Each structure stands twice: as C-alpha cells, then as structure tokens.
Amino acid sequence: SRVEPATLYMQANSKFSISGLVTMFEGATVVLFEGAHFEAGDNTRIRHCTIQCANHISIGKNCSIANDCLVQDTNFHSKKESDGTQSAINDEIIIGNYVWVCPKSVILKGVHIGDGAIIATGSVVTKDIPAYSMVAGVPAKVIKSDVKSHLVPEV
C-alpha cells in the first residue's frame, strides 16, 4: 500500500489559518483559490477528503471530517448579471464546533452547520443545519434533533 501525504495548494493572496493543533491525514487535499481564506480550529481532524475554497471556509474546533468527503464553497463558474457583468458563484461555508461529518458526505456553498451537528454518511448538505441535529439524505434533511456528536464533551 502507498501512503499519500496531505496536500495544500494555495494560489495568490489566499490564506490558510489554524488555531491550535489541526491534523490533516494522508490523502487530505485542501485547495485555496486566489484570495480564498480557509481556517480550522484546535483539535480538528481532516481525513482523506477534498476541500476546495474560492471564498471562505471555516471549520470550528474539535471537528472530524471523515474520508471521501467533499467541501466546496464554489460552483466553479460565474453567472451573468442583468448589467452584463459576470459574478462568481461562491459563498462561504461555516462549520461550527464539535461537528462530525461522516464518510462520503458533500457540503456545498453557502451552508452554515451548527455546533455538535452530525452529517450522516453520504449526505449532500445544501442548506443550513441547526446545532445539535443529525441530518441525512440527498439533499440532507434533519432526521433527529437534540443530539450531540461523540465529539461534544460531557458537562
């Protein structure tokens, strides 16, 4: 078997910020396009997945992004405005603290995920997710409320 290193690609004027210890496991790929800003909080683990950032992606502390996930804040094309100008189709992603993103999940642009949420395996997240809820499906929908990922500390 072959061990792949974690990979970070950064274009001009992009920013990669971490707070504390962030672990990117082998096979993790983070791509920051021109002017993009990626940030991750203490004790966050990013496994073999792909993160593509054209605007702003923020992952809180104590999060786990599992294998084969895709997190991207862009559609990789622009739209034509009524005045004839082109505008990019991207919007920030904010992932709260203690969020558990299970394998093969997709998180798309403009999404805010609340603290302690659980994204079930294979989900496609297209809308905001409330804190302490579990979502599943394509598109992801809340299937349980008032739950906490195993990452949330006992009080």
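With the cut-off at 21 Å, tell me which of the pairs 104/141; 15/80; 61/141 have Cα atoms farther apart than that.
Cα-Cα > 21 Å for 15/80; 61/141; rest within.
So how much slack lies between residue 21 and residue 81, counting 0.36 nm per residue of separation and subtracting their Cα-Cα distance, in nm?
Length gained, residue 21 through residue 81: 17.4 nm.
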Take the alpha carbon gyration tensor of the range 1-73, find the square roots of its eigenvalues, order them as a ≥ b ≥ c, and report rounded if a/c is under 1.5; if not, report prolate when a/b exceeds b/c, else oblate. oblate
Gyration tensor over alpha-carbon atoms, the chain, equivalent ellipsoid semi-axes in Å: 25, 20, 14
Please report the carbon-and-sulfur percent of the accessible area for the chain; probe 1.4 Å, protein heavy atoms only, DNA, RNA and ligands left out. 50 percent
Check the cysteines of the chain one by one and keep only those with no other cysteine Cβ under 4.7 Å from their own. 53, 63, 102
Which aspartates and glutamates have a Cα less than 17 Å from the Cα of residue 109, not counting those fewer than 8 places away in the same chain? 34, 39, 73, 91, 92, 128
Between residue 112 and residue 8, Cβ-based FRET efficiency (R0 30 Å, step 0.05) works out to 0.80
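The values are calculated or read from the model by the stated rules, or taken from the named source; none is laboratory data. This structure is a prediction, so every number in the text was calculated from the model and none was measured. Here the Cβ is made from the backbone with ideal geometry for all residues, glycine too, and neighbour counts use every protein chain on show. Ligands, DNA and RNA are excluded from the accessible area calculation, which covers all protein heavy atoms including side chains. Shrake-Rupley method; radii C 1.70, N 1.55, O 1.52, S 1.80 Å.
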